[in-house]
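Here's the structure, in structure tokens; my notes come after.
Read-outs: derived from the displayed coordinates by stated rules, not from any lab. Every value quoted in this text rests on a predicted model; they were computed, and no experiment measured them. Neighbour counts run over all protein chains shown; Cβ positions are idealised from the backbone, glycine included.
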């Protein structure tokens, strides 16, 4: 049984979010939740939110589910849209500012795959 949760166009650089996602890849849900709760990274909050959503989707899909047996099967962080803004600089020049976004897809399952 597999349950998926997705979030799109979340603010933040995908490169920074991947650092947190790599910490919890192929871990049990309880262990991943502990790692995310004690992480100092800002991206940990959004990943924790989507992890809770995936667990709730698993409970809705199968009825009763034991959280102790759930594993994070797959987590991907993709680049979203990039908003381009201008910032004025010295001598009448301008620089581009990129406001990056990302998409996260997280899948939990009750069987551990090798």
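Taking a point 7 Å from the Cα of residue 105 along the Cα-to-Cβ direction, the residues of segment 68-89 with backbone N closer than 12 Å to it are 74-79.
When Rg is the radius of gyration of the Cα atoms in the chain and Rh is its Kirkwood radius, what does Rg/Rh come to? Please report the intermediate quantities before stating the final value.
Details: Rg = 17.3 Å, Rh = 15.3 Å.
A ratio of 1.13.
Taking 1.567 mPa s as the viscosity and 4 °C as the temperature, the Stokes-Einstein diffusion coefficient of segment 39-81 based on its alpha-carbon Kirkwood radius rounds to 107 µm²/s.
What ranking do 81-91, 25-35, 61-71 get when scored by the average of other Cβ atoms within 10 Å per residue, highest first? Before the final figure, lay out each step's value.
Values: 81-91: 8.6, 25-35: 15.6, 61-71: 12.7.
Ranking the peptides 81-91, 25-35, 61-71 by packing returns 25-35, 61-71, 81-91.
Above 18 Å, the calculated P(r) of segment 67-114 contains 58 percent of its Cα-Cα pairs. Computed from the Cβ-Cβ distance with R0 of 35 Å, the FRET efficiency linking residue 26 to residue 79 stands at 0.95.
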